[in-house]
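First the structure, in the form of structure tokens, and then the observations on it.
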Amino acid sequence: MHSSLGPYALAIVVIGLLVAAIAWARRRHAQRDAMDAPLSPSAKKTLAEEVAYYQRLSPEEKVRFEREVKRFLFDQLITGPRGREVSEELKVLVAASAVMLVFGRKGYVYARTRDIVIYDEAFDHDYVEGTDKNVLGMVHGAGPILFSARALRQGFANTRDGLNVGLHEFAHVLDFHAGDADGVPSLVPWRSVAPWMAQIQRETDRIEAHRSVLRDYGATNEAELFAVATEAFFERPKALADKHPKLYAMLVEAYGQDPAKSP
Ligand SMILES: [Zn+2]
């Protein structure tokens, strides 16, 4: 049977749409205001003093990097355990890790799908914190992203050792799609997925044969291989380009940047 909307029902629908449109416009406006304000001087100081990647950027790129850090901090919720407040410095280091990975992919925006929790020390797989624990960062398909503050700072303090928990965990974030991580990030075009997977296998074999610049942990599984390769790509790009040219070229394509060429 055919039924039509009466004028009364139509008015309710129109008013409903109007209210939703106004709420949306207000939110957009608040968002724009927050985004237009410059990054705070203390946050810029953290980037200038602790983030070597930022230090090497041109003045124009620095402005874009600051903007992307600001956007990330606006979009994501970063706290300590049980919602405790964490310092701006730590939040900026988390944001800088995330932004570094996608800085060559202009317009890439991380979905806000999970909370980011920073512990002071390391923790274990039951999220129990302590100096005797050994997990420095963790990310699941759906749960929060976890970091140890100490490991996060160490990652930025030593930029040549191929260890940066911030880069490592956000590499996993880029790799998670459809609830699973398989070592092939969503940045890889579909035509490159098969060669990418074959290369991941070859690189795993090389670690096992002790003929790799990647650290051994990369041989754990495909997802760890990609995360460990990402750390090396940003922290030991020349060694990676020299000894693993195929892997390096694939990472250049995925990340849209070539760190071996930066000074
Ligand atoms: Zn990992």
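Quick note: the coordinates plus some simple rules give every number you see, no bench work behind them. These figures come from a predicted structure and were not determined experimentally. Cβ atoms come from the backbone with ideal geometry, glycine included; neighbour counts cover every protein chain shown.
Could you please tell me the mean projected area of the C-alpha convex hull for the stretch 158-263, averaged over all directions and given in square nanometres to one decimal? Kindly include the intermediate steps, with their values, before the conclusion.
Working: hull surface 24.9 nm².
The number I arrive at for the stretch 158-263 is 6.2 nm².
Can you pull out the trypsin sites (Lys or Arg not before Pro) in the stretch 1-93 whose DSSP state is coil and whose Cβ has at most 13 other Cβ atoms within 10 Å? Spell out each step's value before the answer.
On the way: sites: ARG26, ARG27, ARG28, ARG32, LYS44, LYS45, ARG56, LYS62, ARG64, ARG67, LYS70, ARG71, ARG82, ARG84, LYS91; in loops: ARG56, ARG84.
Within the stretch 1-93, the qualifying trypsin sites (Lys or Arg not before Pro) (loop, at most 13 other Cβ atoms within 10 Å) are ARG56, ARG84.
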For this session: Would you look at the GNM of the chain, springs on alpha carbons closer than 10 Å, and say which of TYR217, TYR248, TYR53 moves the most?
Result: TYR217
Problem set entry | Nearby lysines by direct alpha-carbon distance to LYS44 (threshold 17 angstrom, same-chain neighbours under 8 apart not counted) | LYS62, LYS70, LYS91
Exercise. Working out 0.36 nm times the residue gap between ALA23 and ALA52, then minus their Cα-Cα distance, what length gain in nm do you get to one decimal?
Worked result: 6.4 nm
For this session: Determine the dipole magnitude for the chain: charges of +1 sit on the beta-carbon of Lys and Arg, -1 on that of Asp and Glu, nothing else is charged, the reference point is the Cα centre, and the result goes in debye to the nearest 20.
Result: 1020 debye
Seminar exercise, completed: Here, ASP36 and ARG160, labelled 7 Å along Cα→Cβ, have an inter-label distance in nm of 4.5 nm
Problem set entry | D_trans [Stokes-Einstein, Kirkwood Rh over alpha-carbon pairs] for the stretch 34-163, 25 °C, 0.890 mPa s, µm² s⁻¹ | 160 µm²/s
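Just add up the charged neighbours of GLU88: K/R +1, D/E -1, any other residue whose Cβ is under 15 Å from the Cβ of GLU88. Intermediate values should be presented prior to the final figure.
Numbers: positive: LYS44, LYS45, LYS70, ARG84, LYS91, ARG153; negative: GLU49, GLU50, GLU66, GLU85, GLU89.
Local net charge: +1.
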Exercise. On a 0 to 90 degree scale, rounded to 10, what angle separates helix 88-102 from the longest Cα axis of the chain?
Worked result: 80 degrees
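Using just the alpha carbons, could you tell me how many Å³ per residue the convex hull of the chain encloses?
Values: hull volume 49.9 nm³, N = 263.
Expressed per residue, the convex hull around the Cα atoms of the chain is 190 Å³.
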Exercise. Taking the Cα atoms only, what angle lies between the long axis of helix 59-75 and the longest principal axis of the chain, rounded to 10 degrees?
Worked result: 60 degrees
Exercise. In the chain, which longest range has no GluC sites (Glu not before Pro) that are both DSSP loop (not H, G, I, E or B) and surrounded by at most 15 other Cβ atoms within 10 Å?
Worked result: 122-263
For this session: Just name one of VAL117, GLN31, ALA98: the one whose Cα is farthest towards the positive end of the charge dipole of the chain (beta-carbon charges, Lys/Arg +1, Asp/Glu -1).
Result: GLN31
For this session: Positive end of the charge dipole of the stretch 149-263 (Lys, Arg +1 and Asp, Glu -1 on Cβ, about the Cα centre): tell me which of HIS244, ALA219, PHE170 has its Cα farthest that way.
Result: HIS244
Seminar exercise, completed: Taking the reciprocal of mean 1/r across every pair of different Cα atoms in the stretch 202-250, the Kirkwood radius in Å is 10.4 Å
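Might you report the magnitude of the Cβ-based charge dipole of the stretch 182-256 about its Cα centre, with Lys and Arg at +1 and Asp and Glu at -1, to the nearest 20 debye? Show your work: numbers first, answer last.
Numbers: 9 positive and 11 negative charges, 63 e Å.
For the stretch 182-256, the charge dipole is close to 300 debye.
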Exercise. Given H placed 1.01 Å from N in the peptide plane, which residues other than close sequence neighbours of ILE145 have an amide H under 5 Å from its amide H?
Worked result: ASP115, ILE116, VAL117
